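Trainee: Before I ask anything, here is the structure I am working with.
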Amino acid sequence: MHDELLTIGRFARLCRLSVKQLRHYDDLGLLAPVRVDAGSGYRYYAPGQARDALTIALLREMDLPLAVIGRALAAGPEHRAGILRAERDRLAERISRDRARMGMLERLAADGLPGHRVTLGREPERRLAVVRTVCTPAGIGAGVARCAGRLLPVLGRTGTAWEPPLWGLYPLDLEERTEIAVGAQLPQGDGVPGLEFEVLPGGLVAETVHTGPYEQLPLAYHALFAAVHERGLHPRAPVREAYLVGPAEAPPEGLTTRLVVLVQEQDVREQAVREREGAA
């Protein structure tokens, strides 16, 4: 049997891997040699292991994590297909994020840092019927679509009148698992079975308007929060997005989104006092 086995060096050349890689895969339990000489510690591999070794090399070339490769090798054909499809979906999501980043970099290269005009104004109290979900920051777009897909049919079935635009509600800090909501403003007194309500307090707000794909909204947020902090203001959750022109009305370049964040009015009064004292 020993004569039928391959030394680690010959096996590495056969599979177009390095000896170091094979040792690493052995240490991880991903591809163990058939035999290890007790005296010398030399590793020996069977020719039949070449398929697994080549599969590992192929999947690593596709940048799959070794832990995922290990599960795929250990799984049956049907389960293995599910593991690989899940990695395909994650890759597609990463490609989508990278394309969005490329679009933002192109816009920054062409126009410089965001030049969104940020203003202070008054916002009325709003009573919204909302649908909530929890998602990752990368999944916010899909989360908003799910919420709107649940909210609008309920409003339609019940014949509930609502005042456009739709609103998106977000925390100030996006964590790994973030609760978001999509809401529609209803007249006072109306109720809709199956939907919860949230009252957005009125008051002083900082706001800006973004025109372009939703993937480039971080540019507008950069300008909005830079202006808020430069003025010494303190934002209050939730951050609000009003979808003035949505995907059903325009291509991505024509989407129009109003970003609104409530700020503490005491901050503005204190800032005015500091400016007067500085000018005196």
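The values are calculated or read from the model by the stated rules, or taken from the named source; none is laboratory data. Since the model is a prediction, treat every value here as computed from it, not as a measurement. Counting neighbours? That spans all protein chains shown, and the Cβs are built from the backbone with ideal geometry, glycine included. When the accessible area is computed, the model is the full protein with side chains, heavy atoms only, and any ligands, DNA or RNA have been set aside. Shrake-Rupley method; radii C 1.70, N 1.55, O 1.52, S 1.80 Å.
Trainee: Return the residues of region 144-170 that are open to solvent by less than 40 Å² (accessible area, probe 1.4 Å) and under 26 Å from residue 263 (Cα atoms); say none if nothing qualifies.
Mentor: Listed by number, the residues that qualify are 144, 165, 166, 167, 168, 169, 170.
Trainee: In the set 156, 143, 103, which member is in contact with a Pro (Cβ under 8 Å, 6 or more places away or on another chain), in a helix (DSSP H, G or I) and either over 30 Å from residue 59 (Cα atoms) or in contact (Cβ under 8 Å) with a residue 24 or more places away in the chain (or both)?
Mentor: 103
Trainee: Which residue pairs have Cβ atoms under 6 Å apart, sit 6 or more places apart or on different chains, and have a first residue in region 109-122 that is in a loop (DSSP other than H, G, I, E, B) and a second that is at pLDDT 85 or above and open to solvent by 80 Å² or more (accessible area, probe 1.4 Å)?
Mentor: Listed by first residue and then by second, the contacts come to 114/222.
Trainee: Next question. Since residue 184 meets every condition but one in (1) over 20 Å from the mean Cα position of the chain (by Cα); (2) within 21 Å of residue 134 (Cβ to Cβ); (3) open to solvent by 70 Å² or more (accessible area, probe 1.4 Å), which condition does it not meet?
Mentor: (3)
Trainee: May I pose another question? Which numbered condition trips up residue 232, out of (1) open to solvent by less than 70 Å² (accessible area, probe 1.4 Å); (2) touching a strand residue (DSSP E or B) at 6+ places or on another chain (Cβ under 9 Å); (3) not in a helix (DSSP H, G or I)?
Mentor: Exception for residue 232: condition (2).
Trainee: Name the strands (runs of 3 or more DSSP E) wholly inside region 169-219 in which the number of residues that are over 19 Å from residue 149 (Cβ atoms) is 2 or more.
Mentor: Hits in region 169-219: 196-200, 203-211.
Trainee: Considering only residues that are loosely packed, with under 13 Cβ neighbours inside 10 Å, of a type in the set (A, V, I, L, M, F, W, C) and under 15 Å from the mean Cα position of the chain (by Cα), which ones fall in region 68-106?
Mentor: Of everything in region 68-106, those that are loosely packed, with under 13 Cβ neighbours inside 10 Å, of a type in the set (A, V, I, L, M, F, W, C) and under 15 Å from the mean Cα position of the chain (by Cα) turn out to be 92, 95.
Trainee: When the residues of region 108-133 are filtered to those that are modelled with pLDDT under 85 and open to solvent by 70 Å² or more (accessible area, probe 1.4 Å), which remaining residue is nearest to residue 161 (Cα to Cα)?
Mentor: 115
Trainee: Of everything in region 25-67, what is among the hydrophobic types (A, V, I, L, M, F, W, C), surrounded by 11 or more Cβ atoms within 10 Å (Cβ to Cβ) and not in a loop (DSSP other than H, G, I, E, B)? Give them in sequence order.
Mentor: 36, 50, 53, 54, 56, 57, 58, 59, 66
Each row is one residue, and each column tells you yes or no for (1) over 30 Å from residue 186 (Cβ atoms); (2) hydrophobic (A, V, I, L, M, F, W, C).
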| site | (1), (2) |
| --- | --- |
| 54 | yes, yes |
| 64 | yes, yes |
| 99 | yes, no |
| 106 | yes, no |
| 109 | yes, yes |
| 117 | yes, no |
| 121 | no, no |
| 127 | no, no |
